[in-house]
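Note sheet for the following structure.
The values are calculated or read from the model by the stated rules, or taken from the named source; none is laboratory data. Keep in mind the model is a prediction, meaning the values are calculated, not measured. Cβ: placed from backbone, ideal geometry, glycine included. Neighbour counts: every protein chain shown.
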């Protein structure tokens, strides 16, 4: 099993408050790893450290065997790291196809060529990505006309444009209905297995987490307080006390 992301004793403080406090964990290829915890646990800070929006105070972030502390997000992206965001960030006036084409233009270093029309550039690759996420039949629609769940699928296609081996997904099902959530995570799990991508995702919907994650790590007040398979995490009395609660843990037992 190949480790593609290794976090070792990572810490980050803001005005004396440790948002991330000495945490360590690994992510393997072909694995869905969920990061959960109450509000203020440090999940977003951890994501932003891994993706380069923030620089760690201490500790190391190793991606594909390379220490990336201090690298800018664009450089981390070019290593083969994709990311989706809690709030979708597509170009709403462009079509579904054009959004994916723009991502491919960036990946191939063609963004400065603004004079040439993009209509026929990377057409086949764009359609293949849209087929992968189930959106090829809507390629000519403007993103501003799509349902939110479909926008999330387009964003996933955009995130896959640089052929990532590591995908960071921040609240991938936020704002979606139960059926849409399930479909998106089933699609993600299929992509993970088919293309051996490692996925780290945050999520507030515990049913999504415990149904789809291979492993779970739990943060609280910046510290990693539990990690393991869904069953082990659900049974952890500390996790129940600080986050799940006994009733929720009992409900989740029927899902796992």
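What to note about this one:
- Every residue from region 13-34 that is over 16 Å from residue 213 (Cβ atoms) and surrounded by fewer than 20 Cβ atoms within 10 Å (Cβ to Cβ): 13, 14, 15, 16, 17, 18, 21, 22, 24
- Residue 175 vs. criteria on the phi > 0 side of the Ramachandran plot, touching a residue at least 24 places away in the same chain (Cβ under 8 Å) and touching a strand residue (DSSP E or B) at 6+ places or on another chain (Cβ under 6 Å): no
- Here the condition is being assigned to a helix (DSSP H, G or I), at pLDDT below 90, within 22 Å of the chain's Cα centre (by Cα) and crowded, with 20+ Cβ neighbours inside 10 Å; of 153, 74, 78, it holds for 153 alone.
- Scope region 192-227; condition part of a strand (DSSP E or B) and under 19 Å from the mean Cα position of the chain (by Cα); matching residues: 198, 199, 200, 201, 202, 215, 216, 217, 218, 219, 224, 227
- Per the listing 37, 52, the residue uniquely under 15 Å from residue 220 (Cα atoms), surrounded by 18 or more Cβ atoms within 10 Å (Cβ to Cβ), in contact with a helix residue (DSSP H, G or I) (Cβ under 7 Å, 6 or more places away or on another chain) and in contact (Cβ under 8 Å) with a residue 12 or more places away in the chain is 37.
- When the residues of region 156-172 are filtered to those that are in a loop (DSSP other than H, G, I, E, B) and touching a strand residue (DSSP E or B) at 6+ places or on another chain (Cβ under 7 Å), the one that is nearest to residue 121 (Cα to Cα) is 162.
- Inter-residue pairs, beta-carbon under 6 Å, first at positive phi and free of Cβ contacts under 8 Å to residues at least 40 places away in the same chain and in region 189-211, second assigned to a loop (DSSP other than H, G, I, E, B) and surrounded by fewer than 20 Cβ atoms within 10 Å (Cβ to Cβ), 6+ apart: none
- Residue satisfying all of: in region 187-242; out of contact with any strand residue (DSSP E or B) (no Cβ under 7 Å at 6 or more places or on another chain) and closer than 25 Å to residue 17 by Cβ; surrounded by the fewest Cβ atoms within 10 Å (Cβ to Cβ) among these: 241
- Test: residue in region 61-71 that is part of a strand (DSSP E or B) and surrounded by 19 or more Cβ atoms within 10 Å (Cβ to Cβ): yes
- Every condition in (1) crowded, with 20+ Cβ neighbours inside 10 Å; (2) more than 12 Å from residue 36 (Cβ to Cβ); (3) in contact with a strand residue (DSSP E or B) (Cβ under 7 Å, 6 or more places away or on another chain) is met by residue 181 except one, and the failing one is (3).
- Residue in region 92-99 that is closer than 22 Å to residue 222 by Cβ and exposed (fewer than 14 other Cβ atoms within 10 Å of the Cβ) present: no
- The single residue among 4, 17, 23, 36 that is farther than 20 Å from residue 164 by Cβ and within 15 Å of the chain's Cα centre (by Cα) turns out to be 36.
- Test set (1) touching a helix residue (DSSP H, G or I) at 6+ places or on another chain (Cβ under 6 Å); (2) surrounded by fewer than 17 Cβ atoms within 10 Å (Cβ to Cβ); (3) part of a helix (DSSP H, G or I) - residue 249 fails condition number: (2)
- Qualifying positions in region 133-145 - in contact with a helix residue (DSSP H, G or I) (Cβ under 7 Å, 6 or more places away or on another chain) and either part of a helix (DSSP H, G or I) or buried (at least 16 other Cβ atoms within 10 Å of the Cβ) (or both): 133, 135, 136, 138, 139, 143
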